1. Kindly report, to the nearest 10 Å², the accessible surface of R237 as traced by a 1.4 Å probe over protein heavy atoms only.
2. Quote the relative contact order of the range 66-203 in percent (integer), defining contacts as alpha-carbon pairs under 8 Å separated by 6+ residues.
3. DSSP beta bridges in the range 1-113, what fraction antiparallel, as a percent rounded to 5?
4. How high is the relative contact order of the chain? Use alpha-carbon pairs under 8 Å, at least six apart in sequence, and give a whole percent.
5. For a quick size check, give me the Cα extents of the range 51-112 along its three principal axes, largest first, whole Å.
6. Report, please, the projected area of the range 27-81 averaged over directions, based on the convex hull of its C-alpha atoms, in nm².
7. Quick check of the Kirkwood formula: for the range 44-147, what is the inverse mean of 1/r over all pairs of different Cα atoms, in Å?
8. Just to check I understand the Karplus step: with θ = phi - 60° and J = 6.51 cos²θ - 1.76 cosθ + 1.60, what whole-Hz values come out for the range 77-91, glycine and proline as x?
Amino acid sequence: IAQQNVQLKVLDASSNYRDYYALSDSNNQSPLNLPKDGVLVTQKLAKLFDLKVGDELPLMNDKEEVVNLPIKGIVEAYIGHSCIMSKDYYQEKLGKEALANSAVIQLKQLEAFNQVAETLKSDNRIVGVGNTQTFQKAFKDTLEALNTVTLILIVAAAVLDFIVLYSLTNINVSERLLELSTIKVLGAFSHEMTLYIFKELLIMTGIGIMLGLCGGLRLTVYILETVEIDTMIFPQRIHGISYLIATILTFAFTEIVMGIMHIKLKQIDMVEALKGVE
């Protein structure tokens, strides 16, 4: 993996930094404190370089000087790479005091951002002004693009599911016309014949759902990891309602197929079927 640009954030442990930065563990979302003898790194950076708590992060400045910093925690973050450390540890590790070169501002009214930004930009000492809402919008736009792809995949999967179920059931019925006709001649009603086939299809559908949910989880993770860029990570979480909807839709298609097969079974010509040679 090539080198990555990392934003070094030096915070004062005695300040109200938690009002501006949500430092949460990437695994269990528990709050993280600024370590006294190490740094916190964002999860995408840790993923790219396979870093874990206890490893060392090598950072290089513009003078190509490298310093190794012990990692004390992986922070949940979805955009950009950051290395977070305390002001005291910065001075201890680098031998110089950290000079403030940026400021974080919270606005009670987001509509006032443009006015505040113009005022700040008029100061020659300020290089640039950024808005976290802009990054959030870019992230949401990316997710919306993925929603379109997801919808297409769902529709395609639904059509494929219906075609496969119908084809397999139709072949099953066609190959067993003699057996089904015999059962009907012996006095079975149409709904009993449908239930006879439906039990088999229901078992196959249940097995297919279990295999599909497990395989679908792995496929989802693979797709998300494929579309990610080096400075962005997508949450790999699937809500339980998604599994429920997928299961209900699959059973719904099974019911539709069996409704069609029920009509076909009622129209079986028993005499012609029994005339055939097995």
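The values are calculated or read from the model by the stated rules, or taken from the named source; none is laboratory data. The structure displayed is predicted, hence computed values, not measured ones. Neighbour counts are summed over all protein chains in view; Cβ atoms, including those assigned to glycine, are modelled from backbone coordinates with ideal geometry. With ligands, DNA and RNA removed, areas are computed over all heavy atoms of the protein, side chains included. Shrake-Rupley method; radii C 1.70, N 1.55, O 1.52, S 1.80 Å.
1. Around 130 Å² of this residue is reachable by solvent.
2. Values: 22 pairs, mean separation 10.4, N = 138.
Rounded, it is 8 percent for the range 66-203.
3. On the way: 9 of 18 bridges.
Looking only at bridges with both residues in the range 1-113, the antiparallel portion is about 50 percent.
4. Reported relative contact order: 19 percent.
5. The Cα atoms of the range 51-112 stretch 42, 27, 22 Å along their principal axes.
6. Values: hull surface 17.2 nm².
It is 4.3 nm².
7. Working: mean 1/r = 0.0581 Å⁻¹.
After inverting the pairwise mean of 1/r, the radius is 17.2 Å.
8. 7, 10, 9, x, 10, 9, 10, 10, 8, 7, 5, 5, 5, 4, 5
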